[in-house]
Amino acid sequence: MEPLQTFQDNLVNLVTDIAESYRMDDPSISYFKTDLPNRDMIIQIIHQLRQLVFPGFFTPQKLSDSSLEFYVGDILMSVEEKLKKQILLALQYRSDICPETAKRQAESICVEFFRTIPRLREYISTDVEAAYDGDPASADKVEVIFSYPGTYATTIYRFAHELHRLDVPLIPRIMTEYAHNLTGIDIHPGATIGKYFFIDHGTGVVIGETTEIAEHVKLYQGVTLGALSTKGGQNLRGKKRHPTLEDNVVIYSGSTILGGETVIGRNSVISGNAFITSSVPADTKVSVRNPELKFKSGAKKEMTESADF
């Protein structure tokens, strides 16, 4: 009987085989090209941006009117250092940009992004208001900020959307996919979403890249705003593939709306489990006929006797 081989006996061959598999990778995802952005650092940036948007909520510091400038300055300096480095890495990975040019561009992007913070706070505050006004189960806006997954995912989307708008590679998608992982809500950073946006419950919501959503729109769990077909792959990049929702639209759980030419008109309501691939006029209620339910007496006995029911 041959003696059992140990890990140490195989270590050299294992290292060689795995290292060789790296060398056979697709050059476009080569790990030798440059350093990659750090996902953990991007998550830290998200946490600090939330501290900036909601002062006093996600920090042990006790704030007063006289300490606000110190609080803001401290967070800005900390997050700017991290964000600038991650943007620089993303820019260098995506293109062969000259290092000095990349540094200047990363710094300029940071400045432009931080200039949007007051406007982002305005938009996010309307999202909080929409969640509170739209859910009788919410005790107050503080509860919404601390605990609502839809508000959390939307807040992170708004950070990511601004960076996407500034042509930052990789980082916006890392941000929204982090929120997706935590909440089950998948919002592409390229989507355009207006004020007073509320996702109730949220799990399973998908909002595609070219979706356009106006103001005072409410979605329930399981809603998909998607493309009719993606079999064209990269040839479809940059084309309008996802639907448009006008003001005051409500879409109930489980509904699917597909297509770049599909427009849901203002003040329309889409009932649960609808499947829509064409436009809906304004002030329209779309409902799905309820399936017929059958009730049999002695159902428990029948189920015990036969699985065919």
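The values are calculated or read from the model by the stated rules, or taken from the named source; none is laboratory data. Bear in mind the structure is a predicted one, so any value in this text is a computation, not a measurement. Because the Cβ atoms are built from the backbone with ideal geometry, glycine has one as well, and the counts that use them run over all protein chains shown. Calculation scope for accessible area: heavy atoms of the full protein, side chains included, ligands and nucleic acids excluded. Shrake-Rupley method; radii C 1.70, N 1.55, O 1.52, S 1.80 Å.
Points to keep in mind about this one:
- For the stretch 168-232, the list of trypsin sites (Lys or Arg not before Pro) that fall in a loop by DSSP and count at most 13 other C-beta atoms within 10 angstrom reads K231.
- Kirkwood Rh, angstrom, the chain [1 / mean 1/r, Cα pairs]: 22.6
- Mean Cβ neighbour count within 10 Å, used as a protection proxy, ranking 67-74, 13-20 highest first: 67-74, 13-20
- Per residue accessible area of the chain, 1.4 Å probe, in Å²: 59
- Cβ-based net charge around N181, under 14 Å, with every Lys or Arg adding one and every Asp or Glu removing one: -1
- Percentage, to the nearest whole number, of Cα pairs in the stretch 15-165 over 19 Å apart: 63
- Taking the stretch 209-259 and dividing mean pair separation by its residue count, relative contact order in percent (alpha carbons under 8 Å, at least six apart): 56
- Neighbour net charge for R266 - beta-carbon separation under 9 angstrom, K R +1, D E -1: -3
- Candidates A139, A274, A130, ranked by Gaussian network fluctuation over the chain, Cα under 10 Å, top entry: A139
- Helix-only arithmetic for the chain: the sum of -39500 (n - 2.57) across DSSP H runs with n ≥ 4, divided by the residue total, places the mean residue ellipticity at 222 nm at -14500 deg cm²/dmol.
- The stretch 116-255 - Rg and Dmax from Cα coordinates, angstrom: 14.4, 48
- Solvent-accessible area of the chain (1.4 angstrom probe, protein heavy atoms only): carbon and sulfur portion equals 53 percent.
- Kyte-Doolittle mean at least -0.5 and Cα axial length at least 27 Å: DSSP H helices in the chain: 68-94
- Beyond 28 Å in Cα-Cα separation lie the following of the pairs K141/K218; K62/K141; K240/K285; K84/K141: K84/K141.
- In this structure, the amide hydrogen of T256, modeled 1.01 Å from its nitrogen in the peptide plane, lies closer than 5 angstrom to those of T224, A274, F275, I276, counting only residues at least 5 positions away or on a different chain.
- In a reduced charge model with +1 at each Lys and Arg Cβ and -1 at each Asp and Glu Cβ, the stretch 114-258 shows a dipole moment near 700 debye about its Cα centre.
- Coupling constants for the stretch 282-291 follow from the phi torsions by the Karplus curve (6.51 cos²θ - 1.76 cosθ + 1.60, θ = phi - 60°), and in residue order they are 4, 6, 10, 10, 9, 10, 9, 4, 5, x Hz; glycine and proline get x.
- Considering all C-alpha pairs of the stretch 1-83, those separated by over 17 Å amount to 68%.
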